[in-house]
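Before any comments, here is the structure.
The values are calculated or read from the model by the stated rules, or taken from the named source; none is laboratory data. Fair warning: this is a prediction, and the values are worked out from it, not measured in the lab. So basically every Cβ, Gly included, is an ideal-geometry build from the backbone, and we count neighbours across all protein chains shown. Each accessible area value is taken on the protein alone, full model and side chains, heavy atoms only, with ligands, DNA and RNA left out. Shrake-Rupley method; radii C 1.70, N 1.55, O 1.52, S 1.80 Å.
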Amino acid sequence: MEIPTKYNPALVEDKWYAYWMENDFFSSTPDDREPYTIVIPPPNVTGVLHMGHMLNNTLQDVLIRRARMMGKNALWVPGTDHASIATEARVVAMLKEKGIDKNDLTRPEFLEHAWEWKEKHGGIILEQLKKLGASCDWSRTKFTMDDDMSESVLRVFVDLHKKGHVYRGVRMVNWDPQAQTAVSDEEVIHKELQSKLYYIRYQVEGEDDFITIATTRPETILGDTAVCVHPEDERYKKFHGKKVLVPLINRPVPIIIDEYVDREFGTGALKITPAHDINDYELGLKHNLLSIDIFNPDGTLNEAAEILIGEDRFKAKELIVPMLDDAKNLVKVEDYLNKVGFSERTNAVIEPKLSLQWFLNMKELASPALETVLNDTVRLQPAKFKNVYRHWMENVKDWCISRQLWWGQRIPAFFYGDNPGPNDYVVAMTVEEALELAKKKTGNKTLTVNDLKQDEDVLDTWFSSWLWPISVFDGIRNPDNEDIKYYYPTNDLVTAPEILFFWVARMIIAGYEYRGERPFNNVYLTGIVRDSQRRKMSKSLGNSPDPIELMKKYSADGVRVGMLFCSPAGNDLLFEETLTEQGRNFSNKIWNAFRLTQNWEVDDNIDQPEASVKAIEWFDAFINKSLKEIEEQFKKYRISDALMIVYKLFWDEFSSWYLEVIKPAYQKPIDRKTYESTLDFFEKLLKILHPFMPFITEELWHYIRDREEGASIMISAMPVEGEYNEVLMKDFSNVSAVITQIRSIRKEKSISQQESFELFVRNSKIGEYPEAFVSVIKKMGNISEVILTEDKIENAGSFMVKNVEYYLPLGSLVNVEEEIEKLEKELDYSRGFLNSIMKKLGNERFVNNAPESVVASEKKKLADTETKISALEEQIATLKS
């Protein structure tokens, strides 16, 4: 096949992805091979591809494609998350645009709209992942609200309730007034805001005296049920046992004493609002205080506030300040910097709120999940996150698992009776089972299904996704099925550090509770994608490029490479579009290198040049050395570093050196043996590159040789490292340095590459002279003869490589003054280098504590540098004489 002049990614990407899909290369079923499994962190069904997805899924695809080529039965399970809060918000907004209010719909009617929206929009992100080249087994695509997935979630809830881990109670929760649901602590983002601190005075009941408190939330005084002071604060001892009147509504509340109070903050006196502050709530329980909830679920004030009823909480704050001022209760206002909690999903300011919710007791469940990370049964990559993980797990709080929504798995709790009390319920998978349990619990055999009312709330989305590595293989409903026994535990999880607790820790907990073992072996924690100003990428900042457009512009392979160039594990990725441009340029480099080989005429009758023999020997060693280094980087999850090794292997060693050495002279043929070896190397390189750049490597792999129908590079064998000669590698390194110096002299003296010279070599016995590669030096430097000498050569351009002196006789072209200046600069540098080595070796602590090999290496550097200095001094003296 004739290869086109230019690489056309658009045609290539669509062609090969369709080919992979048609041939079912991504699919996996249990067999006798070693499994390698990744489950995708399911993106929200509301989502479209963003730069974080690009990074995360590129990394997963690199790992899965590499495992597949290493002969493992590789499975990457895709899917999406139902994202209760985000999806319900989208559906409510869609209905609003159509003039429909959610409150006017029944639950089934709303869910019908929600499923319709999901079917229309829910698959977008998965289709976009295909453009990236994601090699997921799409036949196994899961959605967290599929029937089997939902059944698994409900079974777990029922089981945990039966075990006593799930309970129902009134607790202080994080309330999102926009979504009108509770959210967990981990779903609250705290931001530092410039606020105001309001000093408000409360009149002591029956007296003309006042106590002044300081608060950032004057609107919540309407829910105050006490004022608290420190027992040892002399300023307030006279008020112990008295009451104060809440401003504006004159409610008498007690003055209580507690060591919790910080005497240095504000005035040293605290207003206590148990229904709207977590710390006040704890004090309220301790002191048996009344709790007055003044907010409706949507954040407006209710009748318990007595005034400003129906006003939004922020409007109420605006209105109450002048009212307090008019009533002579406002003392002063100060600027104040404080942290405010925002809902991760809606960005609404969180309202601490007392609410009757369902909770999961985490302390006992969390214990094995902590130990398994601390002892590296599950390895966090990078390991620095172990301490963060340990801190969270050692201080784990009970998980509020109920959400006041309709989209999600409805809690399988059924209440009985006309006015059910807090414990008048049963938990069961079906209403029929619930009825039997209710009859048994109440002793009332006349109960019917119509007497039962299911809880209106749904379970937290994370309560479904924490089962993901198990439920995608149906391991909850059918714990002994073939898939779960073969693929679980999975191998690697690639995810973001910000959901280490939301998701990773909880999956580990669920793994031990329901499978008795870890859900995965390694967790690769990516960094956050930021722009060059270190800002997190977001639509609102306008600094997040559209990944689809990037792929159109720079190719999928180019974007994959660009993302990986700057993605060290656990560290933030500073993304610039120039990186994807570099990725595209690399694709073009690969394409053009192959085109070069296809333009050569092959002659079966000519001998193989000695330079080509040595180049093949060297490059074979270099590939084996690189394969070893790549494997080491993958073991450390340094995927970016592994790519850089491959990149340099192709660009620097193969293109810049190997191809140049074996390239036939202009309009001359190449021998068959060298040509076939070159194609073999090219094929090896394409295989090594394939996990990073799947499309261009597949295209070129089919150009290299005739392939059978249904063949693909993605199911071919990854090259395995072999033995390599270190001396050979070192020799070629010296050769390349010699050739570079020869070219540099030619450039300095404006000497054509066509003009040949003799090359004299002095000190070849005591230095590192690469005698075996003389043929390469002669070809690449256009050297007519290489002559070993014991003498210095006059009127020559000279240089040193590893204490071996090289001379190019240039006659009148040599400028003695310039040559002396060049050598003196090199001499100054060498003397400075010698001083640094002598200082190191003069340090007793270094000599006594450093490994023996390191000290020996420094001593060799010392000897080599002394030899080099002596030679340079001799050369300078000769030129000056």
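All of E513, E456 fail the test of being open to solvent by 30 Å² or more (accessible area, probe 1.4 Å), touching a residue at least 40 places away in the same chain (Cβ under 8 Å) and under 24 Å from Q404 (Cβ atoms), apart from E456.
Looking at region 346-379, which of its residues are outside any helix (DSSP H, G or I) and of a type in the set (D, E)? Write out each step before concluding.
First, the residues of region 346-379 that are outside any helix (DSSP H, G or I): 346-362, 375-379.
Answer for region 346-379, where residues must be outside any helix (DSSP H, G or I) and of a type in the set (D, E): E351, D376.
Among the criteria (1) in a loop (DSSP other than H, G, I, E, B); (2) touching a residue at least 60 places away in the same chain (Cβ under 8 Å), the one K614 does not fulfil is (1).
Of the residues in region 218-228, at least one is part of a helix (DSSP H, G or I), touching a Lys or Arg at 6+ places or on another chain (Cβ under 6 Å) and among the acidic types (D, E). Residue-level analysis places N803 among those that are more than 18 Å from S756 (Cα to Cα), of a type in the set (S, T, N, Q) and touching a residue at least 60 places away in the same chain (Cβ under 8 Å).
Give V504, V523 a once-over and let me know the one that is buried (at least 17 other Cβ atoms within 10 Å of the Cβ), in a strand (DSSP E or B) and not hydroxyl-bearing (S, T, Y).
When all the criteria are applied, what remains is V523.
Can you confirm whether S752 is under 21 Å from L810 (Cα atoms), in contact with a strand residue (DSSP E or B) (Cβ under 9 Å, 6 or more places away or on another chain) and surrounded by fewer than 15 Cβ atoms within 10 Å (Cβ to Cβ)? Full working, then the answer.
Numbers: under 21 Å from L810 (Cα atoms): yes; in contact with a strand residue (DSSP E or B) (Cβ under 9 Å, 6 or more places away or on another chain): no; surrounded by fewer than 15 Cβ atoms within 10 Å (Cβ to Cβ): yes.
No; evaluated as a whole, the condition is false for this residue.
Within the bounds of region 622-644, is there any residue that is farther than 30 Å from M563 by Cα, part of a helix (DSSP H, G or I) and at pLDDT 95 or above?
As a first pass, look at region 622-644 and keep what is farther than 30 Å from M563 by Cα: none.
Checking region 622-644: not a single residue is farther than 30 Å from M563 by Cα, part of a helix (DSSP H, G or I) and at pLDDT 95 or above.
Identify the residue in region 551-578 that is surrounded by 21 or more Cβ atoms within 10 Å (Cβ to Cβ) and without any contact (Cβ under 8 Å) to a residue 60 or more places away in the chain and, among all such residues, is nearest to A383 (Cα to Cα). Per the stated criteria, the residue is G562. Of all residues in region 188-217, which are charged (D, E, K, R) and either surrounded by 22 or more Cβ atoms within 10 Å (Cβ to Cβ) or in a loop (DSSP other than H, G, I, E, B) (or both)? Answer for region 188-217, where residues must be charged (D, E, K, R) and either surrounded by 22 or more Cβ atoms within 10 Å (Cβ to Cβ) or in a loop (DSSP other than H, G, I, E, B) (or both): E205, E207, D208, D209, R217.
Suppose we keep only residues that are of a type in the set (F, W, Y) and not in a helix (DSSP H, G or I) within region 723-781. Which one would you say is nearest to T865 (Cα to Cα)?
At the first step, the residues of region 723-781 found to be of a type in the set (F, W, Y) are 724, 732, 757, 760, 769, 773.
Still in the running and not in a helix (DSSP H, G or I): 724, 757, 760, 769.
On the way: Y724: 28, F757: 29, F760: 22, Y769: 16 Å.
Among residues in region 723-781 that are of a type in the set (F, W, Y) and not in a helix (DSSP H, G or I), the one nearest to T865 (Cα to Cα) is Y769.
Out of F760, F773, I need the residue that is out of contact with any helix residue (DSSP H, G or I) (no Cβ under 9 Å at 6 or more places or on another chain) and buried (at least 17 other Cβ atoms within 10 Å of the Cβ). Which one? Lay out the reasoning, then the answer.
Numbers: F773 fails: out of contact with any helix residue (DSSP H, G or I) (no Cβ under 9 Å at 6 or more places or on another chain).
That would be F760, the only listed residue that is out of contact with any helix residue (DSSP H, G or I) (no Cβ under 9 Å at 6 or more places or on another chain) and buried (at least 17 other Cβ atoms within 10 Å of the Cβ).
Considered as a group, the residues in region 151-179 that are buried (at least 18 other Cβ atoms within 10 Å of the Cβ) and out of contact with any strand residue (DSSP E or B) (no Cβ under 9 Å at 6 or more places or on another chain) include one that is farthest from N423 (Cα to Cα), and that residue is S152. Determine whether T461 is among the polar types (S, T, N, Q), in contact with a helix residue (DSSP H, G or I) (Cβ under 7 Å, 6 or more places away or on another chain) and open to solvent by less than 10 Å² (accessible area, probe 1.4 Å). The answer is no for T461. Can you tell me which of E708, E698 is open to solvent by 10 Å² or more (accessible area, probe 1.4 Å), out of contact with any Pro (no Cβ under 7 Å at 6 or more places or on another chain) and not basic (K, R)? Only one candidate qualifies: E708. Residues in region 229-246 that are open to solvent by 10 Å² or more (accessible area, probe 1.4 Å) and assigned to a strand (DSSP E or B): K243, L245.
Looking at R68, is it part of a helix (DSSP H, G or I), open to solvent by 20 Å² or more (accessible area, probe 1.4 Å), touching a strand residue (DSSP E or B) at 6+ places or on another chain (Cβ under 7 Å) and in contact (Cβ under 8 Å) with a residue 24 or more places away in the chain? So R68 fits the description; yes. Assessment of region 11-19 against the conditions (loosely packed, with under 15 Cβ neighbours inside 10 Å and part of a loop (DSSP other than H, G, I, E, B)) yields no matching residue.
Check S587, S626, S532 and return the single one that is small (G, A, S) and either at positive phi or open to solvent by 10 Å² or more (accessible area, probe 1.4 Å) (or both). Going through S587, S626, S532 in turn, the sole match is S532. For region 352-369, the criterion of being within 21 Å of the chain's Cα centre (by Cα), open to solvent by less than 20 Å² (accessible area, probe 1.4 Å) and not small (G, A, S) is met by none of the residues.
Given the condition outside any loop (DSSP other than H, G, I, E, B) and within 30 Å of T106 (Cα to Cα), answer yes or no: does some residue in region 380-400 qualify? Yes, region 380-400 contains a residue that is outside any loop (DSSP other than H, G, I, E, B) and within 30 Å of T106 (Cα to Cα). Within region 252-268, the presence of a residue that is without any contact (Cβ under 8 Å) to a residue 24 or more places away in the chain and closer than 24 Å to S355 by Cβ is excluded.
Is at least one residue of region 383-403 under 20 Å from E151 (Cα atoms) and in contact with a Leu (Cβ under 6 Å, 6 or more places away or on another chain)? Scanning region 383-403 turns up at least one residue that is under 20 Å from E151 (Cα atoms) and in contact with a Leu (Cβ under 6 Å, 6 or more places away or on another chain). Annotation: of all residues in region 247-281 being closer than 24 Å to D325 by Cα and among the aliphatic types (A, V, I, L, M), the one that is surrounded by the fewest Cβ atoms within 10 Å (Cβ to Cβ) is I249. Does region 352-369 contain at least one residue that is within 22 Å of I189 (Cα to Cα) and among the basic types (K, R)? Yes.
When the residues of region 282-341 are filtered to those that are assigned to a loop (DSSP other than H, G, I, E, B), among the β-branched types (V, I, T) and in contact (Cβ under 8 Å) with a residue 40 or more places away in the chain, the one that is most open to solvent (accessible area, probe 1.4 Å) is I307.
Go over the candidates L49, L63, L55, L59 one by one and state the one that is in a loop (DSSP other than H, G, I, E, B) and under 27 Å from the mean Cα position of the chain (by Cα).
Details: L63 fails: in a loop (DSSP other than H, G, I, E, B); L55 fails: in a loop (DSSP other than H, G, I, E, B); L59 fails: in a loop (DSSP other than H, G, I, E, B).
Just a single option satisfies the conditions, and that option is L49.
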